[in-house]
1. Residues 135, 102: which one is assigned to a helix (DSSP H, G or I) and under 21 Å from residue 161 (Cβ atoms)?
2. Could you tell me whether any residue of segment 126-133 is touching a helix residue (DSSP H, G or I) at 6+ places or on another chain (Cβ under 7 Å), closer than 20 Å to residue 22 by Cα and surrounded by fewer than 16 Cβ atoms within 10 Å (Cβ to Cβ)?
3. For segment 85-97, name all the residues that are in contact with a helix residue (DSSP H, G or I) (Cβ under 6 Å, 6 or more places away or on another chain) and closer than 14 Å to residue 60 by Cα.
4. On the given criteria, is residue 57 closer than 22 Å to residue 89 by Cβ and either touching a residue at least 12 places away in the same chain (Cβ under 8 Å) or surrounded by fewer than 20 Cβ atoms within 10 Å (Cβ to Cβ) (or both)?
5. Give the residues of segment 133-146 that are at pLDDT 95 or above and under 17 Å from the mean Cα position of the chain (by Cα), sorted by residue number.
6. Output the residue which, of all residues in segment 157-174 that are surrounded by 14 or more Cβ atoms within 10 Å (Cβ to Cβ) and outside any helix (DSSP H, G or I), is modelled with the lowest pLDDT.
7. Need pairs with beta-carbon distance below 6 Å; first residue within 20 Å of residue 148 (Cβ to Cβ) and within segment 24-46, second assigned to a helix (DSSP H, G or I); sequence gap 6+ or separate chains.
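The values are calculated or read from the model by the stated rules, or taken from the named source; none is laboratory data. Just so we're clear, the structure is a prediction, and the values are computed from it rather than from any experiment. Neighbour counts are summed over all protein chains in view; Cβ atoms, including those assigned to glycine, are modelled from backbone coordinates with ideal geometry.
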């Protein structure tokens, strides 16, 4: 099956600002009832989709792979490239991290939360969560975030903001 054969039947999904590729691919797959394998076949990418959903970008997607994916998902390849970590930025694959305050404003996983250098949310000056504050379950990969809640206890991500701590600015010496 080629991308052109199924494209007219696919529902389009608009990416959110700053959204990670993992989260976007999961939303697109659910909207179109596709598995990672099904999307990989449609785009001619094989198992790459499953790897990318887990933030495994070694090797990084090639421009041709992004073009092939763009044809299926209906999003420009340059826009897809923006959902990837910038060149030279090291990723923290685990644990998956979340700023509940950001999620309340835009319900998506932000790529910057997984950068190794990211210590907290720059927008809200809050620590990032890596597990549910209610039950302690680690967050699943963003491609599996369906309803914006903990998959064990069902606490919503937006409720979790009250457990995020304020990041104290570095104290300046006297």
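1. Exactly one residue qualifies, and that residue is 102.
2. Scanning segment 126-133 turns up no residue that is touching a helix residue (DSSP H, G or I) at 6+ places or on another chain (Cβ under 7 Å), closer than 20 Å to residue 22 by Cα and surrounded by fewer than 16 Cβ atoms within 10 Å (Cβ to Cβ).
3. Hit for segment 85-97 is 91, nothing else.
4. Answer is yes for this residue.
5. 138, 139, 140, 141, 142, 143, 144, 145, listed by residue number.
6. Among those that are surrounded by 14 or more Cβ atoms within 10 Å (Cβ to Cβ) and outside any helix (DSSP H, G or I), it is 167.
7. 25/53; 25/143; 26/143; 28/73; 29/39
Every residue, every condition in (1) closer than 13 Å to residue 142 by Cα; (2) in a loop (DSSP other than H, G, I, E, B); (3) touching a strand residue (DSSP E or B) at 6+ places or on another chain (Cβ under 6 Å); (4) modelled with pLDDT under 95, yes or no:
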| position | (1), (2), (3), (4) |
| --- | --- |
| 42 | no, no, no, yes |
| 46 | no, yes, no, yes |
| 51 | yes, no, no, no |
| 60 | no, yes, no, yes |
| 75 | no, yes, no, no |
| 80 | no, no, no, no |
| 93 | yes, yes, no, yes |
| 107 | yes, yes, no, no |
| 113 | yes, no, no, no |
